[in-house]
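Worksheet for the structure shown next.
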Amino acid sequence: MVSAASSTPTWSRLRSVARSPPTSASWATRGSPSRRCSTAKRRTGERETTEWAEHTLDLRRRLRRKTDFDDVPIKPQRVFQEINDFFDADTVFVTAIGLYQIWSGQFQEIYKPRHYLICGQAGPLGWEVPACLGAKIARPDQTVVGIVGDYSFEFLMEEVAVACQYSVPYVLVMINNAYMGLISRRRPSSR
């Protein structure tokens, strides 16, 4: 017979439930043949260049957007031109959501796979600040740069103190897009 006291969940039971249960399915294990094959294929870096891929690369070269604006305040295009000129091909960039992520996708040059980390449009404001911390810990020999908006930085700026406390250096480029740029554009006017 189970008593009422033993049937109530304890923290240790809840923690054990939160862990991933063991599985016997071969497709879910790390050593499955299909997983090893697909991983090996990805790591070789060999890809066939299709005619369409060559055509799109040619279009990107010929139809570049203008980025050398001298306006004040500085336009986003110019900010990303300076970022592209300053950082090398081995730099890992981290960005989340908002206008600055849209600008980053349009104007930023990324040269290698897994060097442009985004949150996947899940909407986590301030995600890039702690994500830079994780990216730098994962890749200590590479430069990690977070592209943040003004409100995104404000949302999780305490994570910068954590990075300082544990000596995890990374770069944050904060773009002032007028305080919640994309959020404020979506709100109905209060006038």
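Each value in this text was obtained by applying a stated rule to the coordinates, not by laboratory testing. In this text the structure is predicted, and so the values were computed from the model without any measurement. FYI the Cβ positions are ideal-geometry reconstructions off the backbone, even for glycines, and counts take in every protein chain you see.
What the Cβ-Cβ distance of Glu154 and Ala122 gives, at R0 = 22 Å and to the nearest 0.05, is a FRET efficiency of 0.70.
Does a label point 7 Å from the Cα of Thr67, set along Cα-to-beta-carbon, have any residues of region 80-101 with amide nitrogen under 18 Å, and which are they? Residues passing the 18 Å test: 80-96, 99-101. Reported value for region 83-184: 94 Å³ per residue, from the convex hull of its C-alpha atoms. Each peptide in 132-141, 69-78 receives the mean, over its residues, of other Cβ atoms within 10 Å, and ordering these scores from highest gives 132-141, 69-78. So, counting K/R as plus one and D/E as minus one, what does the shell of residues with Cβ under 15 Å around Glu128 add up to? Within the 15 Å Cβ shell, the charges total -3. Each label point was placed 7 Å from the Cα along the Cα-to-Cβ direction; for Tyr166 and Arg60 their separation is 3.3 nm. Spin-label pair Ala89-Ala53: with each label point 7 Å from Cα along the Cα-Cβ axis, the two points sit 1.5 nm from one another.
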